[in-house]
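Working notes for the structure below.
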Amino acid sequence: MKKTILTMAMGMISMLSFSQTYQLETIFSDKSTETYLSYWKVLESSHDVEMDSFSLWGHQLFFDDWANGAYEVEYFKGNSKETFKFLSAINQFTEKYKNTDKVVTQISGVRVKTIKQLGFKYTLVYNKDNQVVCKFKEKHWLEMLSKFILFCEKSNIIYK
């Protein structure tokens with residue numbers, strides 16, 4: 001009986017010591033591709049860790065049914081400095097190779113590729129498993145970076 005109570009108490013203590021509650025604040029969104037750049041704002045934490053976290057994520061479909069076939073995919077996640085470095089590098093890559101098709105690189109451990117499709121030029125960012133991509137034109141990547149910088153400056157988050 002004592003072991004059971006002790007085990008339950010230890011379980012509750014460990015669960016509380018590792019729990020955190022977040023709220024996602026959208027910095028950039030593209031409804032046509034269901035892709036977002038979000039800030040993970042810590043609402044509750046059982047330990048005093050100030051951690052800013054940003055992620056580039058979106059929704060994908062296994063098949064044409066949002067109710068049964070949708071799932072979330074994360075392309076990139078990092079702190080403010082890592083996210084600034086990631087977005088800046090994508091913009092530099094996009095600018096440098098905007099007129100070249102099928103150039104592939106790794107930025108912050110994520111596969112990035114340029115493509116030309118029906119006369120439009122895109123930069124693709126793959127998820128960690130290299131299975132799905134988010135694709136944007138140069139102007140969208142620039143908009144994402146500028147909105148990220150503006151958000152960090154308004155929120156007093158150091159990003160450089």
Under the Karplus curve 6.51 cos²θ - 1.76 cosθ + 1.60, θ = phi - 60°, whole-Hz ³J(HN,Hα) for segment 136-147, x wherever Gly or Pro sits: 9, 7, 4, 5, 6, 5, 5, 4, 4, 5, 5, 5
What list of ³J(HN,Hα) values in whole Hz, one per residue of segment 150-156 in order, does the Karplus curve 6.51 cos²θ - 1.76 cosθ + 1.60 (θ = phi - 60°) give from phi, with Gly and Pro shown as x? 4, 4, 4, 5, 5, 8, 6
Length gained, S32-N79, 0.36 nm per residue minus C-alpha separation, equals 14.3 nm
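Rounded to the nearest 0.05, what FRET efficiency do N156 and D129 give with R0 = 45 Å and r taken as the Cβ-Cβ distance? Could you check?
0.80
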Starting from the Cα-Cα distance between K41 and K139, subtract it from 0.36 nm times their residue separation and give me the gain in nm to one decimal. 32.6 nm
With a 1.4 angstrom probe the carbon and sulfur portion of accessible area for segment 77-118, in percent, totals 47 percent
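The values are calculated or read from the model by the stated rules, or taken from the named source; none is laboratory data. Treat the numbers as computed from the prediction; the structure is a model and nothing was measured. All Cβ positions, even for glycine, are placed from backbone atoms using ideal geometry, and neighbour counts span all protein chains on display. The area values use the complete protein model at the heavy-atom level, side chains included, leaving out ligands, DNA and RNA. Shrake-Rupley method; radii C 1.70, N 1.55, O 1.52, S 1.80 Å.
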